1. Can you confirm whether the stretch 14-24 contains a residue that is among the hydrophobic types (A, V, I, L, M, F, W, C) and at pLDDT 60 or above?
2. Examine the stretch 1-11 for a residue that is in contact with a Gly (Cβ under 8 Å, 6 or more places away or on another chain), among the hydrophobic types (A, V, I, L, M, F, W, C), farther than 17 Å from R103 by Cβ and modelled with pLDDT under 95, and state whether such a residue exists.
3. What pairs come up if the first residue lies in the stretch 64-82 and is acidic (D, E), the second is loosely packed, with under 13 Cβ neighbours inside 10 Å and not in a strand (DSSP E or B), and their beta carbons are under 7 Å apart, counting only those six or more places apart or on different chains?
Amino acid sequence: MVNRSENPHPEYPRTPGTPGVPFDLLVDAVQEYAIFMLDPDGRVASWNRGAARIKGYTAAEVLGRPLSTFYTAEDVAAGEPQRLLRAAPSMGTPKPRAGACARTGRGSGPRSS
């Protein structure tokens, strides 16, 4: 029997309000995509292995940090992170105009096809 109060992967803390351990394990197993959730204040509330690989931050380094962490100084000055946060409630999943950058400073946002 699985004890849902225990997190089998403490390096990727459970997010309150998520469906539980099976869901967390499924999301965490995805390495091809950065999957993370923001809290209502725009701070990182969950982080999967794909996000760690793509963005270059461990969960411990990024949880609680603002969305602007993933943007260049120019994009922050232009208000891009704030634009996305304002748009999120009505759009569900707004797409960045230029794409957010990884810790290295290189882009890792959505690619257009």
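The values are calculated or read from the model by the stated rules, or taken from the named source; none is laboratory data. Note that the coordinates shown come from a computational prediction; the quantities given were computed from them, not determined experimentally. Backbone-built Cβ (ideal geometry, glycine too); neighbour counts: all protein chains shown.
1. We begin by selecting, within the stretch 14-24, every residue among the hydrophobic types (A, V, I, L, M, F, W, C); these are 21, 23.
So of that shortlist, the ones also at pLDDT 60 or above come out as 21, 23.
Within the stretch 14-24 (the criterion being among the hydrophobic types (A, V, I, L, M, F, W, C) and at pLDDT 60 or above), the answer is yes, since at least one residue qualifies.
2. Going residue by residue through the stretch 1-11, those that are in contact with a Gly (Cβ under 8 Å, 6 or more places away or on another chain) are 4.
With among the hydrophobic types (A, V, I, L, M, F, W, C) added as a condition, the list becomes none.
There is no residue in the stretch 1-11 that is in contact with a Gly (Cβ under 8 Å, 6 or more places away or on another chain), among the hydrophobic types (A, V, I, L, M, F, W, C), farther than 17 Å from R103 by Cβ and modelled with pLDDT under 95.
3. These pairs meet every condition: E80/R97.
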